[in-house]
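J.: Okay, handing you the structure first.
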Amino acid sequence: MRETVTYPALEIDRKKLADNAKVVTDICSVAGINVAGVVKVVSGDPVCARIMHENGCEWIASSRLAQLERLCREHPDIPLLLLRVPMVSEADRLVRVASMSLNSDIDVLRAIDVAAGKAGVIHEVILMIELGDLREGIWMAEEYIAVASEVEDGLKNLHLAGTGTNLGCYGSILPTKEKMEQLVVATERIESSIGRRLDIVSGGGSTSLPLVVRGEMPPRVNHLRIGEGIVVCKDNEDLYGISIDGTHRDVLTLKAEVIETRVKPSHPIGEIAYDAFRGRPSYVDRGERKRALLGVGKLDYCRLDWIVPEMPGIEILGASSDHTILDIENADSDIRVGDLLTFDVLYSAVAFLSISSDVVKRYI
């Protein structure tokens, strides 16, 4: 029986994803850096995880334990890393699924130690150091040395694999050479305290990739956690001016179906109150214009500026939960009901599209 093709769809180009993973991990490898490929943006998709692992990502990582549990079932050979600091209530699940996790709280570490002991495993730990972004991480030197020492000497079912930091996700703090050198200094203080060299110094995520490309990453930093820089591959160029030859910006695209086309007034008629998301938008009266309605909306991609029409001449006017309204008066081609329109998607849109049960994931 022929498969029914449904829309909206998030299309994933396997070859382009493989190319991106190989190019980025090769660049990092030259700098002595191993890469954990982050798949949270595609909701822990097992196909993407396998492609990234086979093309240079030593670990596969996500911030969501449920995604790692799925990956563990489907790809038990791939080492998994939990990015979000674990909850105490997750400790038993964590040690059964992930070989390594990022941590910043001693009470959580003690719970993981107990869980690992019951499971008969040694769990690898990266201790997170706060460098100013103000999300997870230990701020004071006395505390991170004390926590590291307890993990090293008192928590026998844990292995302190290394240190790490997060930058750019909450406080929008730019990873710089100076920030990475601060991480190295913190690492060396811990090493001096415990009397051995740590295996991993994890210098952040995709926002740290420009340091590698520019040759500014300190040699001790040997690990990055990269998602956007492989899967979507836009921010480094758009936001930080770093272009990486051989990578693709269109690994993922959104395809949506046209469900209505009509000439209508461009300004709503009647008293304007609030839209479905408690906004009170304003409108420009441009007279009657040809419009198209799509069967996809904010519940699927969240924000209008996170999707970009590929066809020239199309303008996104707005959206409700389940519909997107386009001005197609000046579109390059005649658009009719049943047509499919393609949109470029930013990282944030992918994160929403990938978890929507109403958006089909299709590999090409």
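J.: Which residue pairs have Cβ atoms under 7 Å apart, sit 6 or more places apart or on different chains, and have a first residue in region 306-328 that is touching a residue at least 40 places away in the same chain (Cβ under 8 Å) and on the phi > 0 side of the Ramachandran plot and a second that is assigned to a loop (DSSP other than H, G, I, E, B) and aliphatic (A, V, I, L, M)?
T.: Listed pairs, sorted by first residue: none to list.
J.: If you don't mind, there's one more thing I want to ask. Given Phe277, Phe352, which one is among the aromatic types (Phe, Trp, Tyr) and modelled with pLDDT of 95 or more?
T.: Numbers: Phe277 fails: modelled with pLDDT of 95 or more.
The match here is Phe352.
J.: Now a separate question. Return the residues of region 246-275 that are surrounded by fewer than 13 Cβ atoms within 10 Å (Cβ to Cβ) and closer than 28 Å to Asp358 by Cα; say none if nothing qualifies.
T.: Matches in region 246-275: Arg262, Tyr274.
J.: If I go through region 100-126 residue by residue, how many of them are of a type outside the set (A, V, I, L, M, F, W, C) and surrounded by fewer than 18 Cβ atoms within 10 Å (Cβ to Cβ)? Talk me through it step by step, then tell me what you get.
T.: Taking region 100-126 and keeping what is of a type outside the set (A, V, I, L, M, F, W, C), we get 101, 103-105, 107, 110, 113, 117-118, 120, 123-124.
After this cut, where a residue has to be surrounded by fewer than 18 Cβ atoms within 10 Å (Cβ to Cβ) as well, the list is 105, 107, 110, 117-118, 120.
Residues that pass the stated criteria total 6.
J.: Return only the number of the condition from (1) in contact with an Asp or Glu (Cβ under 7 Å, 6 or more places away or on another chain); (2) modelled with pLDDT of 95 or more that Glu257 does not satisfy.
T.: With (1) in contact with an Asp or Glu (Cβ under 7 Å, 6 or more places away or on another chain); (2) modelled with pLDDT of 95 or more applied to Glu257, the lone miss is (1).
J.: Now, a different point. Identify, from the list Asp133, Asp113, Asp153, Asp92, the residue that is charged (D, E, K, R) and under 21 Å from Ile60 (Cα atoms).
T.: Answer to the selection: Asp92.
J.: Among (1) over 15 Å from Ala31 (Cα atoms); (2) within 17 Å of the chain's Cα centre (by Cα); (3) not β-branched (Val, Ile, Thr), there is one condition Leu224 misses while meeting the rest; what is its number?
T.: Evaluating Leu224 over (1) over 15 Å from Ala31 (Cα atoms); (2) within 17 Å of the chain's Cα centre (by Cα); (3) not β-branched (Val, Ile, Thr) leaves (1) as the failure.
J.: Further question on the same structure: Just checking, does region 277-299 include any residue being out of contact with any strand residue (DSSP E or B) (no Cβ under 7 Å at 6 or more places or on another chain) and buried (at least 19 other Cβ atoms within 10 Å of the Cβ)?
T.: Scanning region 277-299, I find no residue that is out of contact with any strand residue (DSSP E or B) (no Cβ under 7 Å at 6 or more places or on another chain) and buried (at least 19 other Cβ atoms within 10 Å of the Cβ), so the answer is no.
J.: Residues in region 67-103 that are small (Gly, Ala, Ser) and under 24 Å from Ile355 (Cβ atoms): how many? Give the derivation first.
T.: Of region 67-103, the ones small (Gly, Ala, Ser) are 89, 91, 98-99, 101.
Imposing the further condition that a residue be under 24 Å from Ile355 (Cβ atoms) reduces the set to 89, 98, 101.
Matching residues across region 67-103 total 3.
J.: Residue by residue through region 224-263, note down the ones that are touching a Cys at 6+ places or on another chain (Cβ under 9 Å) and not in a loop (DSSP other than H, G, I, E, B).
T.: Once the filter is applied, which keeps residues that are touching a Cys at 6+ places or on another chain (Cβ under 9 Å) and not in a loop (DSSP other than H, G, I, E, B), region 224-263 yields Leu224, Ile226, Ile230, Val231.
J.: Here are the criteria: (1) surrounded by fewer than 24 Cβ atoms within 10 Å (Cβ to Cβ); (2) touching a residue at least 60 places away in the same chain (Cβ under 8 Å). Tell me which single one Arg93 does not satisfy.
T.: (2)
J.: Among the residues of region 1-37, write down those that are part of a helix (DSSP H, G or I), hydrophobic (A, V, I, L, M, F, W, C) and in contact (Cβ under 8 Å) with a residue 24 or more places away in the chain. Working first, answer last.
T.: Taking region 1-37 and keeping what is part of a helix (DSSP H, G or I), we get 14-30.
Next cut, hydrophobic (A, V, I, L, M, F, W, C) only: 17-18, 21, 23-24, 27-28, 30.
Across region 1-37, the qualifying residues are Leu17, Ala18, Ala21, Val23, Val24, Ile27, Cys28.
The values are calculated or read from the model by the stated rules, or taken from the named source; none is laboratory data. Fair warning: this is a prediction, and the values are worked out from it, not measured in the lab. Here Cβ is always computed from backbone atoms with ideal geometry, including for glycine, and neighbour counts include all displayed protein chains.
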